[in-house]
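Notes for the one structure printed next.
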Amino acid sequence: MNGINLFTIGFTQKSAQQFFYSIKSSGIKKVFDIRLKNVSQLSGFAKKNDLKYFLKILCECEYFHLPLLAPTKELLDNYKKKQMTWEEYEDEFNTIITNRKIENLVSPVELDYSCFLCSELKADHCHRRLVADYLNKKMSKSIIIKHL
């Protein structure tokens, strides 16, 4: 294996058709839901049991919930309430995932053709990008990251 192919996706502002087409057409085999809570009402198809079913049936893809890759409730609330800047959020989140040693939660083999899922439409201000970037620095194989 030359590199690990890792994808990220957010479901907000995507139709079910767009979301599942992106997963299937990318060849993704596993989706790691890295939201703190996976029972979101933002999109009906993104609730844990429905999502697990749809991914299996429509995309032949496995589903796993990994809340240890999510921010703490307090950190997320502070950012959403604009009590901190993105840069402060990023620094604190990176400290959290470093302390959690998240590189021990998934192996390079598990990451290849997997996808980190959260709600944010774009990855630039989302923890899924931070998780992918962190793992890219920690893994022995390089990670090719594609944000869907």
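What follows is calculated from the coordinates using simple rules that are stated; it is not laboratory data. Predicted, not measured: the structure shown is a model, and the values here were computed from it. Heads up, the Cβs are rebuilt from the backbone with ideal geometry, glycines too, and the neighbour counts pull from every protein chain shown.
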A 32 angstrom limit on the alpha carbon distance is what I want to check against. Which of Lys56/Lys146; Lys29/Lys101; Lys24/Lys81 exceed it?
Lys24/Lys81
Between region 113-147 and region 53-73, how many Å separate their Cα centres?
14
So if R0 is 41 Å, what FRET efficiency would Asn99 and Ser25 give, r being the distance between their Cβ atoms, rounded to the nearest 0.05?
0.65
Two-site FRET efficiency, Asp124 against Gln83, from Cβ-Cβ distance with R₀ of 22 Å, rounded to 0.05:
0.60
Given the options Glu110, Glu87, Glu62, which has the most mean-square fluctuation in a GNM of the chain, springs set between C-alpha atoms less than 10 angstrom apart?
Glu87
Please work out which option in [x] 17.0, 49; [y] 14.6, 43; [z] 17.4, 59 gives Rg and Dmax of the Cα atoms in Å calculated from these coordinates, and answer with its label.
[y]
Amide H within-cut-off set for Met84, under 5 Å, with H built and near neighbours excluded
none
Output the lone cysteines of the chain: those with no second cysteine's C-beta under 4.7 Å from their C-beta.
Cys115, Cys118, Cys126
Based on Cβ point charges of +1 for Lys and Arg and -1 for Asp and Glu, what charge dipole magnitude is obtained for region 13-148 about its Cα centre, in debye rounded to the nearest 20?
380
As a footprinting exposure proxy, order Lys137, Lys56 by other Cβ within 10 Å, with the fewest listed first.
Lys137, Lys56
Once amide hydrogens are built 1.01 Å from N within the peptide plane, the residues lying 5 or more places from Arg35 or on another chain with amide H under 5 Å from its amide H are Leu66
